[in-house]
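Worksheet: the structure to be examined is printed underneath.
Laboratory data are not the source of any read-out in this text; all were calculated from the coordinates shown. Everything numeric in this text was worked out from a predicted model, so none of it was measured. A quick note on method: Cβ atoms are made from the backbone with ideal geometry, for glycine too, and the neighbour counts reach across all protein chains shown.
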Amino acid sequence: MLLLAACGTNSDGASESADSDAAWERIQDAGKLVVGTSGTLYPASYYPEGSDELTGYDVEVIKEIAKRLDLEVEFKTSDFSNAMTSVQNGRVDIAANDIEITEERKEQFSFTEPYKYSFTSMIVRKDDMSGIHSLEDLKGKRAGGEAATNHSKIAEQLGAEVVAYNNAANDVYLRDVDNGRTDLIINDYYLQSLALEAFSDFNITIHPDFKFDQITQGALLPKDATELKKQMDSALNEMREDGTLTKLSEEFFGGADVSKEPAEDLPTVKELLEEQK
């Protein structure tokens, strides 16, 4: 049945491979790639202070891909869940916002090849680690996050209560840990490291005992957009080979090359939970 579905036809009798080309053909006809992003997530997608020009690692990667595909690019800002919905309903062609590639999301979407590799870490208050010294201590703690993100789901898995924000900037999340409104933030290690540098006056730090879940991140595409994925992956591979990805990474991540897989092997959340039993 699965084989027949994969090789079947649609109601008009056209092959499904034709459907897979529709997104790419539409983009080519328009001459423009429309991208959903937040504009509030430093350094992936943000507006520098005093500027109305969107930039960031994901933003510049997508700009370069569009350039190599001879396309203009238009960014539409919204919160994370709206960006995913906008890909599904066709309001935007893709979404790019430090988006983790997960098996669950692959059931509904497609992804480009990864252009960022990282792992998960946890910001807490510096003076007392927010009272978190083991995974058991996370039960009942308040975790700042955005609804529908994988990091919020991890916080819930670990027993924390998620305090949801609607497309808030980094300083809002961090200040609330500092002032005690929340206790922790689970997120990408590189993003958190840069956030600590930017807001060094806050009483916050990355918890030294919790580093887990190696993650890959890329642009999120419609599920059947196989030709669009092929074209974007081709441009990404060129950027990887000619050093463009490394250059962009070092520009936005303080000299670190997040475009390469880390050597360190870290446990998954599932493994950590099993250890606690």
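Assorted remarks:
- Nonlocal amide H pairs with Phe119, under 5 Å, H built at 1.01 Å: Tyr189, Tyr190, Ile215
- Reciprocal mean inverse distance between Cα atoms of the stretch 80-216 - Kirkwood radius, Å: 15.6
- Listed residues Ser45, Ser259, Ser134, most fluctuating in the chain (Gaussian network, C-alpha, under 10 Å): Ser134
- Of the beta bridges in the stretch 70-226, as assigned by DSSP with both residues counted there, near 75 percent are antiparallel.
- Mean Cβ neighbour count within 10 Å, used as a protection proxy, ranking 51-57, 219-225 highest first: 219-225, 51-57
- Cα-based helix-to-principal-axis angle, 80-89 vs the chain, degrees rounded to 10: 10
- Between the helical axis of 57-68 and the longest alpha-carbon principal axis of the chain there is an angle of about 10 degrees.
- Counting all C-alpha pairs of the stretch 123-202, share separated by more than 15 Å (%): 52
- Compared with the dominant principal axis of the Cα atoms in the chain, helix 189-198 is inclined by about 60°.
- Two-decimal log10 I(q)/I(0) for the stretch 20-83, as the Debye equation yields it once each C-alpha is a single scatterer, q = 0.12 Å⁻¹: -0.33
- Here, the stretch 47-100 has an Rg and a Dmax of 11.8, 33 Å when only alpha carbons are counted.
- From largest to smallest, the equivalent ellipsoid semi-axes obtained for the chain from the alpha-carbon gyration tensor read 34, 22, 17 Å.
- Dipole of the chain, positive direction: furthest Cα of Pro267, Ile99, Gly180, with charges on the beta-carbon: Gly180
- Based on the Kirkwood approach, the hydrodynamic radius assigned to the stretch 180-270 is 16.0 Å, with every pair of different Cα atoms included.
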